[in-house]
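Chemist: Take this structure first; my questions come after.
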Amino acid sequence: MSRFFDDLETRTAEARAEGYASALPEQVARAQGLAGYGDSLAGVDAGAITSVADLAKLPVLRKSDLVKAQGGAYPFGGLTTRPASGFAHIFQSPGPIYEPGGVDHDWWRMGRFLHACGIGQGDIVQNCFGYHLTPAGMIFESGARAVGAAVLPAGTGQTELQARAAHDVGVTAYAGTPDYLKVILDKADTMGLKLNITKAAVGGGALFPSLRQEYADRGIACLQCYATADLGNIAYESDAMEGMIVDENVIVEIVRPGTGDPVAEGEVGEVVVTTLNPDYPLIRFATGDLSAVMAGTSPCGRSNLRIKGWMGRADQTTKIKGMFVRPEQVADLVAKHDEIAKARVIADREGEMDVMTVQIESDNGDADSYAQSVVDTLKLKGKIEVVATGSLPNDGKVIDDQRVYD
């Protein structure tokens with residue numbers, strides 16, 4: 001296996017800037033021609049947008065803008081250069097937000113990450129990301145195809161069957177959320193099954209140092225990426241494990257939350273991404289995630305910008321067990337029941353696993369009576385606590401992430 005996925009990973013800063021100068025005017029012009037952008041890019045001289053600094057002159061596009069645009073023109077709100085029938089897949093995320101998907105070569109750009117994990121020809125990847133409605137399963141399958149690996153499309157759940165399949169098939173690599181691999185490994189241990197997994201490509205949640213070390217102690221090299229359903233892969237770790245290297249086909253800016261103003265190197269701000277995908281030209285798309293630019297380049301030889309990885313949310317939206325939970329979903333839960341005055345979601349950890357507690361202010365009803373509503377609105381199971389009306393803090397929080405990422 002060659003050390004790098006392609007020549008773009010090691011190009012000079014000057015060559016990368018030349019690439020942007022060529023690609024950006026075309027991408028901005030594509031966006032201007034799409035109804036979903038409305039008047040936001042009207043009057044912009046696309047030919048003058050040739051650098052990262054020039055992008056700062058353009059407005060930020062937010063998830064709420066996607067929801068609004070799609071509500072008027074399902075499924076993609078006039079933000080794609082193909083009709084819905086021109087894509088291989090259509091996915092749904094909470095909101096709901098619909099995202100397109102392609103099967104063109106590495107459409108979501110996951111190949112670079114899997115290559116950095118050492119995954120390639122001869123590997124069998126147990127893909128434990130979801131294939132149902134959400135795109136994560138197909139995103140990682142596309143990456144595996146790009147590096148020549150075979151895929152066991154395992155999806156989520158049925159852990160005993162997952163452990164058995166990993167053993168019988170001879171799985172060598174895992175793709176999924178950081179903590180679910182431990183569940184499979186522990187189940188295999190109880191079943192007396194020896195697994196041959198030596199590589200793990202994870203995302204969709206925090207990879208805690210203690211969990212990474214536990215995998216290392218088992219002989220598994222575990223690296224993480226930062227990707228979203230809208231944008232695909234944004235940044236990824238290499239074996240140097242010094243920050244996350246920005247993918248070559250996106251441009252990342254770190255801006256002051258709530259604005260589009262770039263912050264100084266090292267300052268924490270919101271991640272804003274411009275994708276160079278001609279099918280879905282998202283310009284300055286605000287992820288809602290916090291991160292910071294790291295100085296210098298990775299010692300692995302990949303030369304692009306590095307970010308520190310996920311450092312929290314610019315809003316209260318958070319990921320629990322690999323799924324986004326948004327304030328709007330908590331509001332939907334409250335609206336389902338007249339007797340609920342307020343609700344609060346708490347994200348925490350037990351051992352190496354994410355746990356969710358839903359606190360509900362209500363003078364009537366018990367926890368079991370709200371269990372199905374919690375699953376229907378938050379898309380996750382969790383512990384439910386019914387508390388007296390007026391007992392939750394009056395601090396405006398509806399999602400409280402109490403996990404520690406040190």
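The values are calculated or read from the model by the stated rules, or taken from the named source; none is laboratory data. Small disclaimer: the values here were computed from a predicted structure and weren't measured. Cβ sites come from the backbone with ideal geometry, for glycine too, and all protein chains shown count toward neighbours. All accessible areas refer to the heavy atoms of the entire protein, side chains included, with ligands and DNA or RNA removed. Shrake-Rupley method; radii C 1.70, N 1.55, O 1.52, S 1.80 Å.
Chemist: Please state the shape class of the range 1-149: rounded when a/c is under 1.5, otherwise prolate if a/b exceeds b/c and oblate if not, all from the C-alpha gyration tensor. If you can, show how the numbers build up before the last one.
Modeler: Working: a/c = 2.64, a/b = 1.22, b/c = 2.16.
Here the range 1-149 falls in the oblate category.
Chemist: Would you mind putting 150-160, 209-219, 247-257 in packing order, based on average other-beta-carbon counts within 10 Å, highest first? Numbers along the way, then the final one.
Modeler: On the way: 150-160: 16.6, 209-219: 13.7, 247-257: 20.5.
Top to bottom by mean Cβ count within 10 Å: 247-257, 150-160, 209-219.
Chemist: If you put +1 on each Lys and Arg Cβ and -1 on each Asp and Glu Cβ, how big is the dipole of the range 305-344 around its Cα centre, in Debye rounded to 20?
Modeler: Numbers: 9 positive and 5 negative charges, 91 e Å.
The calculation lands at about 440 debye.
Chemist: Counting heavy atoms of the protein chains only and a 1.4 Å probe, report the per residue accessible area for the chain as a whole number of Å².
Modeler: Numbers: 17070 Å² over 406 residues.
It amounts to 42 Å² per residue over the chain.
Chemist: Which is farthest toward the positive dipole end of the chain among LEU133, PHE324, PRO393, measuring Cα position about the Cα centre, with Cβ charges +1 (Lys, Arg) and -1 (Asp, Glu)?
Modeler: LEU133
Chemist: If you don't mind, another one. Can you pull the one-decimal nm distance between simple spin-label points at SER391 and GLU214, each 7 Å off the Cα toward Cβ?
Modeler: For the pair SER391/GLU214, the computed spacing is 3.2 nm.
Chemist: Let me ask another. Dipole size in debye (nearest 20) for the range 249-335 around its Cα centre, Lys and Arg Cβ +1, Asp and Glu Cβ -1? Write down the numbers at each step before the final one.
Modeler: Working: 9 positive and 10 negative charges, 68 e Å.
Dipole about the Cα centre, nearest 20: 320 debye.
Chemist: Give the residue from VAL345, GLY288, SER298 lying farthest towards the positive end of the charge dipole for the chain; charges sit on Cβ (+1 for Lys and Arg, -1 for Asp and Glu) and the dipole is referred to the Cα centre.
Modeler: Selected residue: SER298.
Chemist: Roughly how many nanometres apart are two label points built 7 Å out from the Cα toward the Cβ at LYS57 and ALA29?
Modeler: Label-label distance for LYS57 and ALA29, simple model: 1.6 nm.
Chemist: Then there is this: For a bin width of 20 Å, list the pair-distance distribution of the chain built from all Cα-Cα distances, rounded to whole %.
Modeler: Going out from 0 Å in 20 Å bins, the chain shows 26, 58, 16, 0 percent.
Chemist: Apply the Karplus curve 6.51 cos²θ - 1.76 cosθ + 1.60, θ = phi - 60°, to the phi angles in the range 289-295 and return the couplings in whole Hz, x for Gly and Pro.
Modeler: Working through the residues one at a time gives 8, 9, 7, 8, 7, 9, 6 Hz.
Chemist: Search the structure for amide H atoms under 5 Å from the amide H of VAL387, placed 1.01 Å from N in the peptide plane, and list their residues when 5 or more places away or on another chain.
Modeler: For VAL387, whose amide H was placed from the backbone, the distant partners under 5 Å are ILE360, GLU361, SER362.
Chemist: Something else now. Pull up all non-local amide H partners of ASP123: gap of 5 or more, or a different chain, and H-to-H distance under 5 Å with H placed in the peptide plane.
Modeler: ALA150
Chemist: Taking θ as phi - 60°, what are the ³J(HN,Hα) couplings along the range 84-100 by the Karplus curve (6.51, -1.76, 1.60), each to the nearest whole Hz, with x for Gly and Pro?
Modeler: With coefficients 6.51, -1.76 and 1.60, one gets 4, 5, x, 9, 6, 9, 10, 10, 10, 10, x, x, x, 10, 9, 10, x Hz.
Chemist: Can I ask one more? Under a point spin-label approximation (7 Å from Cα along Cα-to-Cβ), what is the ALA221-VAL404 distance to one decimal in nm?
Modeler: Computed distance between label sites ALA221 and VAL404 equals 3.1 nm.
Chemist: Taking every pair of distinct Cα atoms and averaging 1/r, then inverting, what Kirkwood hydrodynamic radius in Å comes out for the range 279-359?
Modeler: Numbers: mean 1/r = 0.0624 Å⁻¹.
Value: 16.0 Å, from the Cα pair sum.
Chemist: Between LYS381 and ALA165, how high is the FRET efficiency from 1/(1 + (r/R0)^6) when r is the Cβ-Cβ distance and R₀ = 25 Å? Nearest 0.05. Walk me through the intermediate numbers first.
Modeler: Values: r = 24 Å, r/R0 = 0.95.
Using R0 = 25 Å, I get an efficiency of 0.60.
Chemist: Now a separate question. Starting from the residue with the highest accessible area, list LYS321, LYS194 in decreasing order, probe 1.4 Å. Walk me through the numbers before you get to the answer.
Modeler: Working: LYS321 90, LYS194 150 Å².
So, going from the largest accessible area down, we get LYS194, LYS321.
Chemist: Over what distance in Å are the Cα centres of the range 134-174 and the range 236-280 separated?
Modeler: The range 134-174 and the range 236-280 have Cα centres spaced 28 Å from each other.
Chemist: Further question on the same structure: Per DSSP H run of n ≥ 4, the term is -39500 (n - 2.57); total these for the chain, divide by its residue number, and report the mean residue ellipticity at 222 nm rounded to 500 deg cm²/dmol.
Modeler: Values: 10 runs with 105 residues, N = 406.
After summing the helix terms and dividing by the residues of the chain, the value is -7500 deg cm²/dmol.
Chemist: Let me ask something else about it. Rounded, prolate or oblate: which one fits the range 247-323, using the alpha carbon gyration tensor with axes a ≥ b ≥ c (rounded when a/c is under 1.5, else prolate when a/b beats b/c, else oblate)?
Modeler: Numbers: a/c = 1.38, a/b = 1.14, b/c = 1.21.
The shape class here is rounded.
Chemist: Which one, LEU195, CYS222, ASN233, projects farthest toward the positive side of the charge dipole computed for the range 195-248 from Cβ point charges (K/R +1, D/E -1)?
Modeler: It is LEU195.
Chemist: Counting only residues 5 or more places away or on other chains, whose amide H sits under 5 Å from the amide H of TYR174 once H atoms are built in the peptide plane?
Modeler: Residues meeting the criterion, in which the H sits 1.01 Å from N, are GLN126, LYS199, ALA200, ALA201.
Chemist: Measure off, as a whole percent, the carbon and sulfur share of the 1.4 Å-probe accessible area of the chain, all protein chains present.
Modeler: Working: 8790 of 17070 Å².
So the carbon and sulfur contribution to the accessible surface is 52 percent.
Chemist: Follow-up question, since we're still on this one. Roughly how many debye, to the nearest 20, is the charge dipole of the chain about its Cα centre, given +1 on each Lys and Arg Cβ, -1 on each Asp and Glu Cβ, and no other charges? Don't jump to the answer; show the numbers that get you there.
Modeler: On the way: 37 positive and 54 negative charges, 102 e Å.
Computed charge dipole of the chain: roughly 500 debye.
Chemist: Would you kindly derive the ³J(HN,Hα) couplings of the range 105-116 from the backbone phi angles with the Karplus curve 6.51 cos²θ - 1.76 cosθ + 1.60 (θ = phi - 60°), listing them in order in whole Hz, with x for Gly and Pro?
Modeler: Rounded to whole hertz, the list is 3, 6, 4, 9, 6, 8, x, 4, 5, 4, 4, 5.
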